[in-house]
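Working notes for the structure below.
Since every read-out is calculated from the coordinates, none of them should be taken as a lab result. Note that the structure is a prediction, hence the values are computed from the model and not measured. Virtual Cβ from ideal backbone geometry, glycine too; neighbours counted across all protein chains shown.
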Amino acid sequence: MIIFHIRRLYFKIAKLNNWILLLSTLCLVAFSSVFVHAIEPKEFPTVFDGLWWTLTTMSTVGYGDYAPKTTEGRIYAMFLFVVGIGLLGVIIGKFLDLFSVMRNRRERGLLDYKGTNHIIIIGWSQKAYFAIREILSRNSKHKIVLVDEIESNPCSENGVVYVQGPPALDETLLRANITQAKAVLIFSDDKIQRSTLADGKTLLIATTVERLNSSAHSTAEILDESHLKNFTAVHVDSYILSQQSISKMAVEKIGL
């Protein structure tokens, strides 16, 4: 019966707001440090000694260098065993959950990129992969942000940050910190079979990039040379028409 009530108590504690939980734990530690010093000044000469005992008890380390001798002190120690250890365990569990959630959001490209002077690569494909490798082979310190609509980061290269979302939308590019980027590479969407539609999507993305950051060096891949005239109104620094060595050419276009 007692175990049942303790479990119910832990479940209620786990549902508390994180800040309330943290504040409650700090208050418990502070109160316990002062209280045990007050009721057993011989065993705990200073408040710091009480703090040391409280933390070693709550963390289940229990060095044994300090221990309450009076009945009151031992009763409070039993209370601290039940409540304090459980409270600390819940906090540790919540922090681990938070790290797990953050890692999952990072892998899914749901976090905003805060860096500056980076290179944005739009559109994941084998060409984009080779472009990333080409950039990093020239300077491994380059910061790269990959933008695509895939559910999770498709690139295994270290240092490549993924941002998920439609690349033609302001919201997606702003999450990739487009305003602080130094270069943008726009690759044609391989999933679109018709060159007219693929180049149309590239044009839409290039227009958004130009509007948000006209100073960034932009390079766009175009499948059909006859579509070049449609890009005259958009300030794109360079175009790539050839399918051969396209990744290397794209990197060379931005002057790396």
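What percentages, rounded to whole numbers, describe P(r) for the range 141-180 computed over all alpha carbon pairs with 10 Å bin width beginning at zero?
31, 54, 15
Among SER195, VAL36, VAL163, whose Cα lies farthest out toward the positive end of the dipole of the chain, if unit charges sit on the beta carbon of Lys, Arg (+1) and Asp, Glu (-1)?
Value: VAL36.
Would you please give the FRET efficiency between LYS141 and LEU169, computed as 1/(1 + (r/R0)^6) with r the Cβ-Cβ distance and R0 = 35 Å, to the nearest 0.05?
0.75
Restricting attention to the range 47-95, which chymotrypsin sites (Phe, Trp or Tyr not before Pro) occupy a DSSP loop and are surrounded by at most 16 other Cβ atoms within 10 Å?
Details: sites: PHE48, TRP52, TRP53, TYR63, TYR66, TYR76, PHE79, PHE81, PHE95; in loops: TYR63, TYR66.
Taking the range 47-95 and a limit of 16 other Cβ atoms within 10 Å, the loop chymotrypsin sites (Phe, Trp or Tyr not before Pro) found are TYR63.
Under 8 Å for C-alpha pairs, at least 6 residues apart: give me the relative contact order for the chain, rounded to a whole percent.
Rounded, it is 14 percent for the chain.
Set the Förster radius R0 to 51 Å, insert the Cβ-Cβ distance between THR71 and ARG106 as r into 1/(1 + (r/R0)^6), and round the FRET efficiency to 0.05.
On the way: r = 52 Å, r/R0 = 1.03.
E(calc), rounded to 0.05, equals 0.45.
Scan the chain and report its longest stretch carrying no GluC sites (Glu not before Pro) that are both in a DSSP loop and have at most 15 other Cβ atoms within 10 Å.
My reading of the result: 1-148 is the longest stretch.
Could you give the nm distance between label points at THR46 and SER226, where each point is 7 Å from its Cα heading toward the beta carbon?
8.6 nm
Taking 7 Å along the Cα-to-C-beta vector as the label spot, tell me the ASN158-THR207 distance in nanometres, rounded to one decimal.
So the label points at ASN158 and THR207 sit 4.2 nm apart.
Compute from the Cα atoms of the range 119-253 the Rg and the Dmax, the latter being the longest Cα-Cα distance, and quote both in angstrom.
Rg and Dmax of the range 119-253, Cα atoms, are 13.5, 38 Å.
Provide Rg and Dmax in Å for the chain, with only Cα atoms included in the calculation.
My reading of the Cα-based Rg and Dmax gives 29.1, 92 Å.
What value, in deg cm²/dmol to 500, does the helix sum -39500 (n - 2.57) over DSSP H runs of n ≥ 4 give at 222 nm once divided by the residues of the chain?
Taken over the chain, the calculation gives -15500 deg cm²/dmol.
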